Amino acid sequence: MKIGDQVYLITDRHQTGAGIPCMINALDDSTVEVVMELPDNPTTLRVCSFEEILCSNVYTHSILNLVYQTYEDIQHKYGSIRNLATEEIVAQLVQNGLAPQTASRCVDLIDHAAWQNQALPLRRWLERIREIYLWPRLVRKGFPEPTSRSAAQLAREASSLASV
């Protein structure tokens, strides 16, 4: 990982897709500083373990893998995903380990018309999910630009300013 990379801060290790999009702002040997965008303003967090963040491609891959596995289970049990209501698809995704909010968002991306009109509707659904999670659209308004300084350099600068 490097400064400026899009990552996800993991909020629940027991659910796939439980994370918040962030951007790496500074790196140190043992800590990562990430900027998390909130509706009102961006918030900078210092993460003490690299295990608490995932690259956007790994995070997205885990979501896509679970969605595909769930789709296969639905096809096997019910014959077609079209035989289930939206809420039932969400329930199946959650039952298989996807975070509820992420499951709802993924199901919202299903183009029901595509299942009847396109040759590869599953592929289009997975592509739409990938577009959302692989490159999270962080709004840049008021968003601090990544710094090329490490977290240790930033801490030294902050402590020197505090002593003035």
(request) Return, ordered by residue number, the residues of the stretch 4-28 whose backbone nitrogen is under 19 Å from a label point located 7 Å along Cα→Cβ of T43. (result) 7-13, 18-26
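Go through C106, C55, C48 and list them by solvent-accessible area, largest first, probe radius 1.4 Å. Show your work: numbers first, answer last.
Working: C106 0, C55 45, C48 100 Å².
Sorted descending by solvent-accessible area, the residues read C48, C55, C106.
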(message) Computing the accessible area with a 1.4 Å probe over protein heavy atoms, can you report the carbon and sulfur percentage for the stretch 1-99?
(response) 48 percent
(message) Testing the spin-label approximation: label points 7 Å from Cα along Cα→Cβ at L120 and D29. State their distance in nm.
(response) 4.8 nm
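Please give the length that would be gained between E87 and E127 if that part of the chain were fully extended, namely 0.36 nm times their separation in residues minus their C-alpha to C-alpha distance (nm, one decimal). All intermediate terms of the calculation are to be shown ahead of the outcome.
On the way: separation 40, 0.36 × 40 = 14.40 nm, distance 2.12 nm.
Difference between extended and current length: 12.3 nm.
For S62, S56, S30, give me the order by solvent-accessible area with a 1.4 Å probe, most accessible first, ignoring ligands, DNA and RNA. It would help to have the intermediate numbers written out before the result.
On the way: S62 40, S56 15, S30 70 Å².
So, going from the largest accessible area down, we get S30, S62, S56.
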(message) Once the cut-off is 22 Å, how many percent of the Cα-Cα pairs in the stretch 13-89 end up in the long-distance tail?
(response) 45 percent
(message) Just to verify a number: what accessible area does Y71 come out at with the full protein assembly present, 1.4 Å probe, Å² rounded to tens?
(response) 30 Å²
(request) Please list the non-local residues whose amide H lies under 5 Å from the amide H of D5, H modeled 1.01 Å from N, same-chain partners needing a gap of 5 or more. (result) I24
(request) Pull up all non-local amide H partners of E37: gap of 5 or more, or a different chain, and H-to-H distance under 5 Å with H placed in the peptide plane. (result) T43
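Using heavy-atom solvent-accessible surface (probe 1.4 Å) with all chains present, what is the largest-first order of V58, V7?
Working: V58 70, V7 0 Å².
These residues rank, largest area first, as V58, V7.
The values are calculated or read from the model by the stated rules, or taken from the named source; none is laboratory data. Note that the structure is predicted; figures quoted are calculated from it, not measured. Positions of Cβ are generated from backbone atoms using ideal geometry, with glycine treated the same way; all protein chains shown enter the neighbour counts. Just so you know, the surface numbers come from the protein's heavy atoms only, side chains and all, with ligands and any DNA or RNA stripped out. Shrake-Rupley method; radii C 1.70, N 1.55, O 1.52, S 1.80 Å.
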